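J.: The following block contains the structure, expressed as structure tokens.
Read the figures in this text as sums done on the coordinates, not as results from a lab. For clarity, every value in this text was computed on a predicted model and none was experimentally measured. Using ideal geometry, Cβ is built from the backbone for each residue, glycine included, and neighbour counts are taken over all protein chains shown.
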Amino acid sequence: MFNKLLKKLNSTEPETDLFIKRIRSLVIGEGMLRDGNIELFKHAIEHLPQDGHVIEIGSYGGLSTNLINYLLIKNNKPNMLYSCDAWIYEGYTDHLKPVADNYIDGRPDVLRTNYESYMKDAFIRATTWLSAHRLPHSFHMKSDIFFEYWKENKQATDVFGRTISLGGQISFAYVDGDHSYESAWKDFNHVDEFLVPKGFILLDDSADDQSFGSAKMMKEIKKDSRYKIVGKNPNYLIQKIA
Ligand SMILES: C[S@@+](CC[C@H](N)C(=O)[O-])C[C@H]1O[C@@H](n2cnc3c(N)ncnc32)[C@H](O)[C@@H]1O
């Protein structure tokens, strides 16, 4: 049974849902979302525990946010989607040396400082268009701050101007923010604190052949007996046993 499921979640069969086929060309971020993640989203959402919110860390232009939201609606799941992003430009070598100037990679005439409003606006426009009848609660925050609010049930205003109290149990988390080892662990531990039994975590950039900190973390999570692997496509979808 387990092997059959792993095999199914290992596939990249042609997509039959026309909106899922289409969304990649509608929303910025095609290169950020691996095809294989889509099967894993579907599995997590189809088997979502009733209680608990859905969380996304790292929204970028809204591709995965709108896809997850669509799958929640398609599967008649009332679970609310919350997301956060800091929308800070990340250059190719920022993690190796101090940032020397204020320009984007390869363009000494295009300012990094305009990136934040460009990408945040793109997210808002895509989401108000594609998820108008059930907007997620999306916050302009680093994940550390987001979880501080979550832990303390603090009120915050989302990017659509709605003020709500954050917090509660989590049924599924898509972790796709800062992929460094330290940050990936922080995000995982924050989610773990609120994840219900049978709840899911999909860790982006956790595949065996990747060199990100998130992939190194995944190798260590495999030893955690509280979690089982339900899919690997090639990123890992894990489920909390207890
Ligand atoms: C790979 S992109 C996300 C792609 C998106 N999930 C999709 O598939 O459409 C990673 C995002 O994480 C955000 N990010 C990086 N560090 C973060 C942090 N500490 N907290 C929240 N978001 C962060 C970046 O701004 C970027 O938009």
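J.: Normalising by the residue count of the chain, find the relative contact order in percent from Cα pairs under 8 Å and 6+ residues apart. Walk me through the numbers on the way to the answer.
T.: On the way: 419 pairs, mean separation 52.7, N = 242.
Normalised by residue count, the contact order of the chain is 22 percent.
J.: Quick check on the stretch 175-226: what are the equivalent-ellipsoid semi-axes from the Cα gyration tensor, as sqrt(5λ), descending, whole Å?
T.: Working: eigenvalues 63, 30, 17 Å².
Here the semi-axes work out to 18, 12, 9 Å.
J.: Ok, one more. If you build a Gaussian network model of the chain, linking Cα atoms that sit under 10 Å apart, which residue out of Gly168, Gly177, Gly106 swings the most?
T.: Gly106
J.: Now for a different question. Which whole-Hz couplings ³J(HN,Hα) result when phi for each residue of the stretch 211-217 is put into the Karplus expression 6.51 cos²θ - 1.76 cosθ + 1.60, θ = phi - 60°, listed in order with x for Gly and Pro?
T.: Couplings: 9, 5, x, 5, 6, 5, 4 Hz.
J.: Based only on other Cβ atoms within 10 Å, what is the fewest-to-most ordering of Lys222, Lys97?
T.: Values: Lys222 12, Lys97 8.
With the sparsest Cβ surroundings first, the list reads Lys97, Lys222.
J.: Hey, can you rank 107-119, 40-52 by average C-beta count inside 10 Å, highest first?
T.: Values: 107-119: 12.2, 40-52: 18.6.
So the order, starting with the most tightly packed, is 40-52, 107-119.
J.: If you don't mind, there's one more thing I want to ask. As an exercise, use a Förster radius of 51 Å and the Cβ-Cβ distance of Tyr118 and Lys228 to find the FRET efficiency, rounded to the nearest 0.05. Don't skip to the answer; put the middle values down first.
T.: Working: r = 40 Å, r/R0 = 0.79.
In this case the efficiency is close to 0.80.
J.: How large is ³J(HN,Hα), in whole Hz, for each residue of the stretch 96-107 in order, when computed from phi with the Karplus curve 6.51 cos²θ - 1.76 cosθ + 1.60 and θ = phi - 60°, using x for Gly and Pro?
T.: Each residue's phi maps through the Karplus curve to give 9, 8, x, 6, 7, 9, 10, 10, 6, 3, x, 9 Hz.
J.: Stretch Glu90-Arg125 to full length: gain in nm at 0.36 nm per residue minus the Cα-Cα span? The partial results should precede the final answer.
T.: Details: separation 35, 0.36 × 35 = 12.60 nm, distance 2.17 nm.
Computed gain between Glu90 and Arg125 is 10.4 nm.
J.: Taking a label point 7 Å from the Cα of Phe160 along the Cα→Cβ vector, which residues of the stretch 57-84 have an amide N closer than 12 Å to it?
T.: 66, 69-70, 80-83
J.: Oh, and also: Looking at this model, which pairs from Lys186/Lys222; Lys97/Lys186; Lys74/Lys219; Lys42/Lys222; Lys154/Lys223 are more than 25 angstrom apart at the alpha-carbon?
T.: Working: Lys186/Lys222 17 Å; Lys97/Lys186 23 Å; Lys74/Lys219 33 Å; Lys42/Lys222 22 Å; Lys154/Lys223 34 Å.
Lys74/Lys219; Lys154/Lys223, as the Cα separations exceed 25 Å there.
J.: Same structure, new question: Could you give the nm distance between label points at Gln210 and Asp105, where each point is 7 Å from its Cα heading toward the beta carbon?
T.: Going by the 7 Å Cα→Cβ label model, 1.5 nm.
J.: Hey, with R₀ at 22 Å, roughly what FRET efficiency would Lys219 and Ser180 work out to, going by the Cβ-Cβ distance, to 0.05? Kindly include the intermediate steps, with their values, before the conclusion.
T.: Details: r = 15 Å, r/R0 = 0.69.
Result of the calculation: an efficiency of 0.90.
J.: Hey, what do the phi angles of the stretch 35-52 turn into as Karplus ³J(HN,Hα) couplings, whole Hz, using 6.51/-1.76/1.60 and θ = phi - 60°, x for Gly and Pro?
T.: Couplings: 3, x, 5, 5, 4, 6, 4, 4, 5, 4, 6, 5, 10, 5, x, 4, 8, x Hz.
J.: So how compact is the chain: Cα radius of gyration and Dmax in angstrom?
T.: My reading of the Cα-based Rg and Dmax gives 17.4, 56 Å.
J.: Only counting other Cβ atoms within 10 Å, I'd like Trp150, Trp87, Trp185 sorted with the fewest neighbours first.
T.: Working: Trp150 25, Trp87 20, Trp185 16.
Neighbour counts put them in this order, fewest first: Trp185, Trp87, Trp150.
J.: Identify the GluC sites (Glu not before Pro) of the stretch 145-239 meeting these criteria: DSSP loop state and at most 13 other C-beta atoms within 10 Å of the C-beta.
T.: Numbers: sites: Glu148, Glu152, Glu182, Glu193, Glu220; in loops: Glu152.
For GluC sites (Glu not before Pro) across the stretch 145-239 that sit outside H, G, I, E and B with at most 13 neighbouring Cβ atoms in 10 Å, the list reads Glu152.
J.: Here's a follow-up. So if each residue of separation counts as 0.36 nm, and I subtract the Cα-Cα distance between Glu30 and Arg134, what length gain in nm does that give? Before the final figure, lay out each step's value.
T.: Working: separation 104, 0.36 × 104 = 37.44 nm, distance 2.26 nm.
Value of the extension gain: 35.2 nm.
J.: Sort Tyr60, Tyr181 so the one with the fewest other Cβ atoms within 10 Å of its own Cβ comes first. Before the final figure, lay out the partial values.
T.: Working: Tyr60 22, Tyr181 15.
Least crowded to most crowded, the residues run Tyr181, Tyr60.
J.: Quick one: which residues, 5 or more positions from Ile170 or on another chain, have an amide H under 5 Å from its amide H? H modelled 1.01 Å from N in the peptide plane, none for Pro or chain starts.
T.: His53, Leu195, Val196
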